[in-house]
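Single-structure report; data block below.
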Amino acid sequence: MLELRRISKTFNPGTINEVRSLQELSLSIEDGSFVTVIGTNGSGKSTLLNAVAGGFFVDAGSIHLGGRDVTRWPEHRRAAFIGRVFQNPFSGTAPTMSIAENLSLAARRGRPRGFGPALGAGWMRELQERVRVLNMGLESRLANAIGTLSGGERQALTLLMATWLRPELLLLDEHTAALDPKSGDKVIRVSEEIIARDKLTALMVTHSMSQAATLGDRLIMMHRGRIIYDVRGAEKRRVRPAELLARFEELRRGEQLDETAADMLKRTYI
Amino acid sequence: MTLVIGALTIGLILSVLALGIYISFRIFDFPDITAEGSITLGAAVAATLLVSGVNPFVATTAAFFAGSAAGALTGVLHTKFKINGLLSGILVMTALYSVNLHVMGKSNVPLLSSLTLGNYAENAAQLLGMTDESLRLGGWEVSVRDLSILVGVFGAIAATAFALDRFFRTHLGTAMRATGDNPQMIRALGVDVSAMMILGLAVANGLVAVSGALLAQYQGFADVQMGIGMLVWGLASVIIGEALVGVRSLGLAIVGTVMGSVLFRLLVAMALRWGLDPNDLKLITAVFVFGALVLPTVLSKLRARTPQVAHA
């Protein structure tokens, strides 16, 4: 269970570049729920994920994960409960290390790392079995450096790494945005499979209306650091991509209206 | 022959320094100039302890921990106080100059009458039945003392290299490598990147200090100036090693670094014998490292240009 209580984050406060990325945002996600997040550029959706992961501390409000108040926990400490896949396929893996070594790093997420060998004999067998699930033929290339793999293969592996130990929360940050459509589809299929198989609680930011509409059991739309639309259950299943696009269009028109209105007010009163 | 044995021994001793530089420079991509202070610190600590009659093994171990403390301090300055990496190293290196003078009490400590690790090597040779002053090896007269020290140093360096290779294959060691490779990823896997970097720099400078301790015992003195230029020396060894064996695997890189250090020392000894002015040594080393750093980019640019020229 993830609970965000009125969290706020402003970047570059007091400067001309001030951005209010999150504005008193509250959200609670039940265990086993798969939530997709959409929003306009700069709406704060990636900031939301980063706030939960601990990339920065929020200015106000609190973050609770599984009953623990993690608001002031550094990122590496929260990682014991959170699995993460980044937008950039280069972010989630260590390129000069082998597939096997990367996975063994993931297998100790949030656990003490001692002087035991990273690649024990029994471990390699377990590895092969679990990598085979991806159906990419990677199980025969475990000794290869990750840097030699394609973006899609890397993202699939990052996903496997993030979920190797069952996380209390899986964060997916536009993890197919940098991939070609075919590998993107593949990674989405694997994501769905793993989330369903392990009954994971997941928060997935996406730029694709069709992904947002078809995946998960709850949909959130963000705008200017706030949640402006939140549907779940039967209502969520009825959502169509076209509908979401229409809402975006509406937002854009509202935005323009805002600007002209502001201009008008300026002209009148200043 | 004495010259060759001497060059091999110093090359092997400095390969411990090179392994330390390999950790900071290649694994963490951190040009750690602390090394120039910590090699002297290692020599100073070991020499001072040896003069007061401490067991050489204990003195060398103490040097390791002194160097580790210096490296950890650089790591803390860099990660906790967010000081630029190079500057953190410069601060600690500068401070160490005074520390080293305090440790030694003067600028140079001779070890002529002290028991050193060299004596152990000599004793071991005598136990093995080599009681003569010298023996004939392939037609050359070789001092038993020099040879036994070379063999002893070789054994110690082989053990160090092996231990390092094992370490970087443990859970902790792989996490350390990943910290240098992709900090964002390893943080998301629950590793405290700052702590890992501090630990890595501590190990690196511990090794550098051991190299200083061994060097002081071999050459018979510790000197406050002995660290100057050592970072670039270590870089040269690492780069030569990569040219010799490639960078395909960690084990190869470690062996290559040791080989690079030995080869570089041999080349230098030969150049000096052929009349190279010792004053030019650091200039040449710096130019060499410069060349090795820019050559790959220059070569790839040339390669990229060639087809266009052919078309035109």
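Assorted remarks:
- Pairs of Cα atoms nearer than 8 Å and 6+ residues apart set the relative contact order; for chain A it is 26 percent.
- For the protein assembly as shown, the number of Lys pairs separated by eight or more positions or lying on different chains, with C-alpha atoms closer than 30 Å, is 18.
- Averaged over the residues of peptide A:157-163, the number of Cβ atoms from other protein chains lying within 10 Å of each residue's Cβ is 1.
- Sum of side-chain charges, B:Leu3 neighbourhood, beta-carbon under 14 Å (Lys, Arg +1; Asp, Glu -1): 0
- Modelled spin-label separation between A:Met124 and B:Thr297, with each label point placed 7 Å from Cα along the Cα-to-Cβ direction: 4.0 nm.
- Contact order normalised by residue count of the stretch B:2-276, Cα under 8 Å, 6+ apart, percent: 41 percent
- Efficiency of FRET from Cβ geometry, B:His102 and B:Leu276, R₀ 35 Å, rounded to 0.05: 0.45
- Ordering A:Gly116, B:Thr285, B:Val238 by Cα displacement along the dipole of the protein assembly as shown toward the positive end leaves A:Gly116 in first place; charges were set at the Cβ atoms of Lys, Arg (+1) and Asp, Glu (-1).
- Value at 222 nm in deg cm²/dmol, rounded to 500, when DSSP H runs of n ≥ 4 in the protein assembly as shown each add -39,500 (n - 2.57): -19000 deg cm²/dmol
- Cβ neighbours within 10 Å from other chains - mean over A:107-116: 5
- Alpha-carbon spread of the protein assembly as shown, three principal axes, descending order, Å: 95, 66, 61
- Label-to-label distance for A:Arg166 and B:Leu244 is 5.2 nm, based on points extended 7 Å past Cα in the beta-carbon direction.
- Local electrostatic count at A:His64 - Lys and Arg +1, Asp and Glu -1, tallied over other residues with Cβ under 15 Å: +1
- Stretching the chain fully between A:Arg111 and A:Asn17 yields a gain of 29.9 nm (0.36 nm per residue, less the alpha carbon separation).
- Once the Kirkwood radius over Cα pairs is known for the stretch B:1-110, the Stokes-Einstein relation at 10 °C and 1.306 mPa s delivers a diffusion coefficient of 107 µm²/s.
- Measuring between their Cα centroids, the stretch B:22-60 and the stretch A:173-190 lie 50 Å from each other.
- The charge dipole of chain A, taken about the Cα centre with unit charges on the Cβ atoms of Lys, Arg (+1) and Asp, Glu (-1), comes to about 420 debye, rounded to the nearest 20.
- When A:Glu174, A:Glu168, A:Glu129 are arranged by Cβ crowding within 10 Å, least crowded first, meaning fewest neighbours, the order is A:Glu129, A:Glu168, A:Glu174.
- For chain B: rounded, prolate or oblate by the Cα gyration tensor [a/c cutoff 1.5]: oblate
- Within a Gaussian network of chain A (alpha carbon springs, distance under 10 Å), most fluctuating of A:Ala100, A:Ala143, A:Ala177: A:Ala143
- Residues of chain A were split at every exposed loop site, defined as chymotrypsin sites (Phe, Trp or Tyr not before Pro) in a DSSP loop with at most 14 other C-beta atoms within 10 angstrom, and the longest piece left, sites excluded, is A:116-270.
- Cα-based shape type of chain A, given that a ≥ b ≥ c are square roots of the gyration tensor eigenvalues and the cut on a/c is 1.5: prolate
- Once the C-beta distance of A:Asn135 and B:Ala286 is scaled by a Förster radius of 51 Å, the resulting FRET efficiency is 0.45 to the nearest 0.05.
- The protein assembly as shown - charge dipole about Cα centre, Lys and Arg +1 at Cβ, Asp and Glu -1, debye rounded to 20: 1200 debye
- Inter-chain neighbour count for A:83-91: the average number of beta-carbon atoms from partner chains within 10 Å of each residue's beta-carbon is 2.
- When chain A is treated as a GNM with alpha-carbon contacts under 10 Å, the residue of A:Asn102, A:Asn144, A:Asn12 showing the greatest mean-square fluctuation is A:Asn12.
- Cα pair distances exceeding 16 angstrom across the stretch B:1-63, given as percent: 59 percent
- If you run the Gaussian network model on chain A, springs between alpha carbon atoms under 10 Å, then out of A:Leu105, A:Leu219, A:Leu22 the most flexible one is A:Leu105.
- Residues A:Leu245 and A:Asp198, FRET efficiency given R0 of 30 Å [Cβ-Cβ distance, rounded to 0.05]: 0.40
- Rounded to the nearest 20 debye, the dipole magnitude of the stretch B:29-151 is 480 debye, with +1 charges on Lys and Arg beta carbons, -1 on Asp and Glu beta carbons, and the Cα centre as origin.
- Farthest toward the positive end of the dipole of chain B, out of B:Val51, B:Ile149, B:Val203, is the Cα of B:Val203, where the dipole comes from beta carbon charges about the Cα centre.
Computed from the coordinates by the stated procedures, all read-outs in this text should not be read as laboratory data. Here the structure is a predicted model, which is why all the values come from computation and not from measurement. Cβ: placed from backbone, ideal geometry, glycine included. Neighbour counts: every protein chain shown.
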